[in-house]
Amino acid sequence: MARGAARIQLKYKDQKIWQEFVVRLRQHSALGMSNTMARCQALRPSLHDLRDQLSAMVVPILLAVGDEDVRCLETNLMLKSALPNAGLWICPNTGHAINLEEPTAFNAHVESFLGAVERGSWRHGFPRTEIDPSLGLYRYARRNHSLVQVNQERPNADVVRLHHK
């Protein structure tokens, strides 16, 4: 696990911290890690399968992923689009262990996020507009599940109709 593609960046950034990580990892129960992989991670549904349920979450969320953590990038992008109050920080040249690889940047982003939440200035989800071709002249605003008919001949004209699905 410590030498996996998403964790090896730590070794190249800081040999001492990586070695401490390996020592701590070896202290974990082999049976416990095996059970976690076989019973928890292997049996749980994919986060992609939970997208619709996750989209109902309104709590502020800071997603953090390293750009070298290839297996987690797509999922974090999906989560960013599904969670209405999520922000996404992609840390450059970083793998899965962001907090160990870039502790100063990680702490700064978490502190900034927590401060924004405390001040009430963390984003409050905005309607994401997608054009769904099957809806014809309608635009679908995902946040509140409403359909808005738009006059295509006069794009700046007022909305013709607004109703909920």
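FYI, it's all coordinate maths here, none of it is from the lab. All values reported here derive from a predicted model rather than from experimental measurement. No Cβ is skipped: glycine too gets one built from the backbone with ideal geometry, and neighbour counts run over all protein chains shown.
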Computed E for SER112/TYR12 - FRET, C-beta separation, R0 22 angstrom, nearest 0.05:
0.25
By the mean-Cβ-within-10 Å protection proxy, highest first, 25-37, 46-58 rank as 46-58, 25-37
Distance in nm between ARG44 and ASP67 label points, each 7 Å along Cα→Cβ, equals 2.8 nm
Ranked highest first by average number of other Cβ atoms within 10 Å, how do 59-66, 105-112 line up?
59-66, 105-112
